[in-house]
Amino acid sequence: MNYISTRGQAPVLSFEDAVLAGLATDGGLYVPETLPQFSREEIASWSGLSYQELAFKVMSPFMAGEVPDDTLRELIDKAYSTFRHDAIAPLIQSGHNEFILELFQGPTLAFKDFALQFLGHLLDYVLKKRNQRVAIMGATSGDTGSAAIEGCRYSDNVDIFILHPYQRVSEVQRRQMTTVLEDNVFNIALKGNFDDCQNMVKASFSDQSFLPEGRQLVAVNSINWARIMAQIVYYFYAGLALGAPHRPVAFSVPTGNFGDIFAGYLASRMGLPIDQLVIGTNANDILHRCISANDHSLHQLVHSLSPSMDIMVSSNFERMLFDLYDRDGAALAALMADFKKTGNLQLSETALASARKLFTSYRLDDESMVAVIHDMWQKNGYLLDPHTAIGVAAARHTRRRLDIPMVCLATAHPAKFPEAVRKAGYQQDPPLPHHMADLFEREERYSVQPNEIASVQQYMAEHIRR
C-alpha cells in the first residue's frame, strides 16, 4: 500500500514511512493511494467478531504485509488490554433509534485512546526494528496529549513533547498529562491558544534543523495516518451491532480537527452503508459554516466549555478536500495556499454538493450545550460530557430519517469537564474512575513557555535524551 500527499509534490511512501513522516514535505497530509473495499458479504461475515478481531480485519489491508499478521494482532491486543470495558466501545440506547457509542473506556477517558494506544505500540515496534530514536512533538486541545503520553511513556526509543495552551484546558486534562513523570515525557504549557500550539508544531516539522543530529520528529496529532486508520474500526463495530450491512446507519460526531469524522467518511467509502454523517461544532464553527453556507473563513477563536473543540483550522479537512477535488494535488495545493494568504476558502459548487450528500452540520453554543446535558440527565439518568452533548444536539436537529439508527459518538468521560457538568445542575464533580481517583494528589511537572517558536525549540533541543 502506497501513501501519497494531498498536495501532490511529496515522495510516495510506504505505510511505515508515512507513519513516521507526519506532514508531507510539500505541506500536505498523507493518504492511501487507494482505499480497501469490503463487499456487503464480507462485512456481514464480521458480525459477532470481538473489537480486536474486527480491528485486524479493517486495518491490515492498509499495511499490505509491512507489519506481519501475528505482530499486528499482538499490537492490537496490547493496545486495547488497558480498556475498562470488555466491549471496548459499548453502545447505550439514549432515545428512539438513537445510541451513544462510548469511546471513553480507555486509560485516559477519551476517544483518542483508540488510536494512540495502538500508535504507541506500533511506533515501538517500527523503531526497534529500525534501531531508531525519534522525538514526538504534538499539540493538544486537551485529550490528544494525555492519550499520546500514555501510549508512549514506556518507549525507550521515543522522547515525547506535548504542547497545550496554558490555562486553557480543564484541570483533569492538564493533570492527566503533567503527572506522568517518566524521563521521556515533557509537557509544555504554551502562552497561547491551541491554534498557536498547532502552528508551532507544523512549523517545526517543516524545519527540523533544531534537533540533534540523527533525530527526526514524529507526529501523534491526527495528521498521523495511523490515527485515522485506527478510528475507522469503531464505525464498523457500531454499524455491525445495529444491523449493518443489511441496513444503513448514521453517525453524529462532535468535531474539532475533523479527524474523527473523516474516519467515518472513510468507513463509508470502504463499504459500510452510512446514510448521514453529522458534524457538531461549538462556537468555533468553521466546519458548520462551510457545509451550511460555503463560508470557510477564519474568525476569532472562542474559548468554550467544550475546549477540545476550540479549534479554528481543522487540519484533517484537507484530506476531505483532496477527495472533493478529485484527488487533484495541484488544485488542492493552490486552494490551501490561497486559504493561508486570505483566511478564506470557498468550495466549488460541485465539491459542496458532493459533501452535502453525506454531511450535515449544526452549531451549539455553551448555554444550549449545558441544557442538553441537563435534559439527558433528567430524562435518562445518563451524564454527557460537553462535547458529546453537542453531538447529540446536532443529531437531533439535523437527522434525516428516524428509521435509521443514529449513533452519537461519546468522545470523553464527563469527569474530565466538571465545570460544564455543574452548570447543567449536577450537584457534584463527576467521580473519576478508580484508576484515576488520586489524580489531584499526584505531583505535576511541566514547563511554561512563551508563544515563541525559538524558545520551545531550544527547550526541546536541551531535553532530548542523548
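The values are calculated or read from the model by the stated rules, or taken from the named source; none is laboratory data. Note that the structure is a prediction, hence the values are computed from the model and not measured. In this analysis, Cβ positions are derived from the backbone assuming ideal geometry, glycine residues included, and neighbour counts consider all displayed protein chains. Ligands, DNA and RNA are excluded from the accessible area calculation, which covers all protein heavy atoms including side chains. Shrake-Rupley method; radii C 1.70, N 1.55, O 1.52, S 1.80 Å.
Taking the criterion of being in a helix (DSSP H, G or I), at pLDDT 95 or above and over 26 Å from Lys340 (Cβ atoms), would at least one residue in region 177-193 satisfy it?
Yes: region 177-193 contains one or more residues that are in a helix (DSSP H, G or I), at pLDDT 95 or above and over 26 Å from Lys340 (Cβ atoms).
Among the residues of region 1-12, count how many are more than 20 Å from the chain's Cα centre (by Cα), part of a loop (DSSP other than H, G, I, E, B) and surrounded by 19 or more Cβ atoms within 10 Å (Cβ to Cβ).
Matching residues across region 1-12 total 2.
Of everything in region 380-405, what is farther than 22 Å from Ile311 by Cβ and out of contact with any Gly (no Cβ under 9 Å at 6 or more places or on another chain)? Give them in sequence order.
Selection gives Gly381, Tyr382, Leu383, Arg399, Arg400, Arg401, Leu402, Asp403, Ile404.
For the structure I just gave you, tell me whether Arg174 is open to solvent by 10 Å² or more (accessible area, probe 1.4 Å), charged (D, E, K, R), out of contact with any helix residue (DSSP H, G or I) (no Cβ under 8 Å at 6 or more places or on another chain) and more than 15 Å from Leu116 (Cα to Cα).
yes
Just name the residue that is surrounded by the most Cβ atoms within 10 Å (Cβ to Cβ) out of those in region 350-389 that are within 21 Å of Gln276 (Cα to Cα) and among the small types (Gly, Ala, Ser).
The extreme case among them is Ala389.
Hey, any hits in region 424-433 for a residue that's under 20 Å from the mean Cα position of the chain (by Cα) and at pLDDT 95 or above?
Checked region 424-433: no residue is under 20 Å from the mean Cα position of the chain (by Cα) and at pLDDT 95 or above.
Among the residues of region 326-349, are any closer than 20 Å to Phe194 by Cβ, open to solvent by 10 Å² or more (accessible area, probe 1.4 Å), in a helix (DSSP H, G or I) and touching a strand residue (DSSP E or B) at 6+ places or on another chain (Cβ under 9 Å)?
yes
What residue, among those in region 423-444 that are among the aliphatic types (A, V, I, L, M) and in contact (Cβ under 8 Å) with a residue 40 or more places away in the chain, is farthest from Phe104 (Cα to Cα)?
That would be Ala424.
Residues in region 231-242: is at least one farther than 18 Å from Leu101 by Cα, in contact with a Phe, Trp or Tyr (Cβ under 9 Å, 6 or more places away or on another chain), in a helix (DSSP H, G or I) and among the hydrophobic types (A, V, I, L, M, F, W, C)?
No, because not a single residue in region 231-242 is farther than 18 Å from Leu101 by Cα, in contact with a Phe, Trp or Tyr (Cβ under 9 Å, 6 or more places away or on another chain), in a helix (DSSP H, G or I) and among the hydrophobic types (A, V, I, L, M, F, W, C).
Helices (runs of 4 or more DSSP H) wholly in region 32-122 with at least 3 residues that are among the aliphatic types (A, V, I, L, M) - which ones?
Where helices (runs of 4 or more DSSP H) fall fully within region 32-122 and carry at least 3 residues being among the aliphatic types (A, V, I, L, M), they are 51-63, 69-80.
Can we say Arg247 is of a type in the set (Lys, Arg), more than 21 Å from the chain's Cα centre (by Cα) and surrounded by fewer than 24 Cβ atoms within 10 Å (Cβ to Cβ)?
For Arg247, the condition - of a type in the set (Lys, Arg), more than 21 Å from the chain's Cα centre (by Cα) and surrounded by fewer than 24 Cβ atoms within 10 Å (Cβ to Cβ) - is met.
Give the residues of region 264-295 that are part of a helix (DSSP H, G or I), farther than 20 Å from Glu98 by Cα and not charged (D, E, K, R), sorted by residue number.
If the condition is that a residue be part of a helix (DSSP H, G or I), farther than 20 Å from Glu98 by Cα and not charged (D, E, K, R), then Leu266, Met270, Ile286, Leu287, His288, Cys290, Ile291, Ser292, Ala293 are the ones that fit.
Starting from residues that are of a type in the set (Ser, Thr, Tyr) and loosely packed, with under 13 Cβ neighbours inside 10 Å, keep the ones in region 13-44 and report whichever is nearest to Arg319 (Cα to Cα).
Thr34
Do we find that Val392 is buried (at least 19 other Cβ atoms within 10 Å of the Cβ), assigned to a helix (DSSP H, G or I) and not aromatic (Phe, Trp, Tyr) in this structure?
yes
Just need a number here: residues in region 395-433 that are closer than 24 Å to Lys357 by Cα and either in a loop (DSSP other than H, G, I, E, B) or of a type in the set (Asp, Glu) (or both).
Of the residues in that region, 7 qualify.
All but one of (1) open to solvent by 30 Å² or more (accessible area, probe 1.4 Å); (2) in contact with a strand residue (DSSP E or B) (Cβ under 7 Å, 6 or more places away or on another chain); (3) touching a residue at least 60 places away in the same chain (Cβ under 8 Å); (4) not small (Gly, Ala, Ser) hold for His96, so report the exception by its number.
(2)
What are the pairs, 6+ residues apart or on separate chains, where a residue within region 315-327 that is under 17 Å from Ala337 (Cβ atoms) and of a type in the set (Ser, Thr, Tyr) has its Cβ under 6 Å from a residue that is assigned to a loop (DSSP other than H, G, I, E, B) and open to solvent by 10 Å² or more (accessible area, probe 1.4 Å)?
Within 6 Å, the pairs are Ser315/Ile223; Ser315/Asn257.
Where residues in region 138-165 are in a loop (DSSP other than H, G, I, E, B) and farther than 23 Å from Phe258 by Cα, which of them is nearest to the chain's Cα centre (by Cα)?
Looking at the filtered set, the residue picked out is Arg153.
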